[in-house]
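Right, one structure below, let's go through it.
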Amino acid sequence: MIFVTGGAGFIGSNFVLDWIEQFDEPLINLDKLTYAGNLENLTSLQNNPRYTFIQGDLGDRELLDRLLNQYKPRAVLHFAAESHVDRSIHGPEDFIQTNIIGTFRLLESACTFWRYLDQPEKSRFRFLHVSTDEVYGTLSKTDLPFTEVNPYQPNSPYSASKAASDHLVRAWHHTYGLPVLTTNCSNNYGPYHFPEKLIPLMIVNALAGKALPVYGDGLQVRDWLYVKDHCKAIHRVLESGKPGETYNIGGWNEKTNIEIVRTICSILDRLRPKVDNSRYDAQISYVADRPGHDRRYAIDASKIERELGWRPDETFETGILKTVEWYLAHPEWIVNIQNGSYRNWINKNYEARS
Ligand code: NAD
Ligand code: TYD
């Protein structure tokens, strides 16, 4: 039995779906169902006896203690977080509550549970913390990609809150001996990605005939990884990672934002040509930059390749094609997600930039 937090979000739901499809081991999913949590992603598991969903908050220590004692998982996989940089700029409070206080409560609960386990369950137990490359700050064009020993230099409220959570996880290992694993991954993309983030927003807006808002000069660089490759890496770290170690995960795919947007436009030109034969890239609109916008992220993923034998299966070209095809095949998922609170957020974020 494994215990997942945040399994109704983008990466978590991909992980949960893949896990139930590939393994017999049951899985518990604890998720608060914030705006980013979507049970529609997991409807195929509704009657699956190996899957249990519990709605609840990481901050609820009593609930965490009860669930761990009831289900006795061999591992906690911690995905739950507030995850959007732009939202963290407009309202950092939830990021502090969930990413820092929530992680602290989960560590306390897991540590108490783990401490009283009998051997060999105790030595087998793992706490895997899913984190981001953004904790390392920003790179110039010529800097080498981030390795696991780069200093932490977070620049946004989001990355600062994730950095704080990484430090707590590290401290619970060094002080209390909790067998933790931390992964720091680059930008993910793929199915079930909430359309507030760059790639799904561009696909959804392009299809709706809306502007494609590119921040600043569009030359910021991100290192993109197909979400299923991230899920495989997490599984590999869970099974073979060394407690106390951190592993950087990335796709060796550095792209500028404008390259990403133009690639999406040209795939759509081919797969869903517009009736008037105009091109999707005519919808590109440069807007005011994000405050404190990190210029470049890049991950050196050689440690996880060398020590655990993981490498991504998808190239950016194969992954982005699958992703656009997924959104084209799921128009109802897009419509259902665009409720009132989504529209309020989009108006607030992009009015501020026009
Ligand atoms: P997401 O925003 O899509 O999903 C987060 C999930 O956590 C949602 O289902 C939400 O309901 C749940 N949640 C939020 N607050 C909660 C709380 N207090 N208690 C319980 N559940 C709560 O995020 P994502 O993109 O799937 O990211 C998952 C994890 O991976 C995060 O920790 C994020 O920092 C990390 N990460 C994301 C990326 C990326 O590109 N998306 C890259 C590297 C690392
Ligand atoms: P995002 O998907 O928010 O991920 P992160 O900020 O965590 O890297 O953004 C990816 C890049 O795309 C980032 O440089 C900001 C930029 N961006 C835009 O240019 N326009 C947009 O509308 C959004 C949401 C992001």
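Here are a few things to note about the model shown:
- Restricting the stretch 322-354 to residues that are open to solvent by less than 70 Å² (accessible area, probe 1.4 Å) and hydroxyl-bearing (S, T, Y), the residue that is nearest to G190 (Cα to Cα) is T323.
- Listing of strands (runs of 3 or more DSSP E) fully contained in the stretch 42-136 that carry 3 or more residues being of a type outside the set (F, W, Y), within 20 Å of the chain's Cα centre (by Cα) and within 16 Å of ligand 2 (Cβ to nearest atom): 126-132
- Residues located in the stretch 257-285, provided they are among the hydroxyl-bearing types (S, T, Y) and either assigned to a helix (DSSP H, G or I) or under 26 Å from the mean Cα position of the chain (by Cα) (or both): T263, S266, Y280
- Criterion applied to G241, G251 was being more than 10 Å from ligand 2 (Cβ to nearest atom), crowded, with 22+ Cβ neighbours inside 10 Å, under 30 Å from D166 (Cα atoms) and modelled with pLDDT under 95, and the one residue passing it is G251.
- Of the criteria (1) open to solvent by 20 Å² or more (accessible area, probe 1.4 Å); (2) within 21 Å of S341 (Cβ to Cβ); (3) of a type in the set (G, A, S), which one G12 fails: (1)
- Test: residue in the stretch 138-159 that is buried (at least 21 other Cβ atoms within 10 Å of the Cβ), touching a residue at least 60 places away in the same chain (Cβ under 8 Å), among the polar types (S, T, N, Q) and part of a helix (DSSP H, G or I): yes
- Leading residue by the ranking (farthest from ligand 1 (Cβ to nearest atom)) among those in the stretch 286-318 that are surrounded by 14 or more Cβ atoms within 10 Å (Cβ to Cβ) and closer than 22 Å to A206 by Cβ: Y286
- Each residue in the stretch 27-41 was checked for being open to solvent by 40 Å² or more (accessible area, probe 1.4 Å) and either of a type in the set (F, W, Y) or within 16 Å of ligand 2 (Cβ to nearest atom) (or both), and 1 pass.
- Odd one out for G309 among (1) over 20 Å from the mean Cα position of the chain (by Cα); (2) in contact (Cβ under 8 Å) with a residue 60 or more places away in the chain; (3) over 23 Å from H235 (Cα atoms): (3)
- Pairing residues of the stretch 50-62 that are open to solvent by less than 70 Å² (accessible area, probe 1.4 Å) with residues that are within 9 Å of ligand 1 (Cβ to nearest atom) and of a type in the set (G, A, S), at Cβ distances under 7 Å and at least 6 apart in sequence or on separate chains, gives L58/A80; L58/G102; G59/G102.
- Some residue of the stretch 253-273 being in contact with a Cys (Cβ under 8 Å, 6 or more places away or on another chain) and over 15 Å from P145 (Cα atoms): no
- Here W224 clears all of (1) open to solvent by less than 20 Å² (accessible area, probe 1.4 Å); (2) more than 15 Å from ligand 1 (Cβ to nearest atom); (3) under 30 Å from A352 (Cβ atoms) except the condition numbered (2).
For every residue, the table says whether it meets (1) among the hydrophobic types (A, V, I, L, M, F, W, C); (2) touching a strand residue (DSSP E or B) at 6+ places or on another chain (Cβ under 6 Å).
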position: Q70; (1), (2): no, no
position: V76; (1), (2): yes, yes
position: F95; (1), (2): yes, no
position: I101; (1), (2): yes, no
position: R105; (1), (2): no, no
position: W114; (1), (2): yes, no
position: S140; (1), (2): no, no
position: Y152; (1), (2): no, no
position: A163; (1), (2): yes, no
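- Members of the stretch 308-354 that are farther than 26 Å from R270 by Cα, assigned to a helix (DSSP H, G or I) and among the aromatic types (F, W, Y): Y342, W345, Y350
- Beta carbons closer than 6 Å, at least 6 apart along the sequence or on distinct chains, pair a first residue in the stretch 4-18 that is near ligand 1 (Cβ under 6 Å from one of its atoms) with a second that is in a helix (DSSP H, G or I) and of a type outside the set (K, R) for G6/G12; A8/L39; I11/V227.
- The single condition from (1) among the small types (G, A, S); (2) within 15 Å of ligand 2 (Cβ to nearest atom); (3) in contact with a strand residue (DSSP E or B) (Cβ under 9 Å, 6 or more places away or on another chain); (4) open to solvent by less than 10 Å² (accessible area, probe 1.4 Å) that A233 fails is (2).
The values are calculated or read from the model by the stated rules, or taken from the named source; none is laboratory data. Note that the coordinates shown come from a computational prediction; the quantities given were computed from them, not determined experimentally. Positions of Cβ are generated from backbone atoms using ideal geometry, with glycine treated the same way; all protein chains shown enter the neighbour counts. Note: accessible area is taken over every heavy atom of the protein model, side chains too, but ligands, DNA and RNA are not part of it. Shrake-Rupley method; radii C 1.70, N 1.55, O 1.52, S 1.80 Å.
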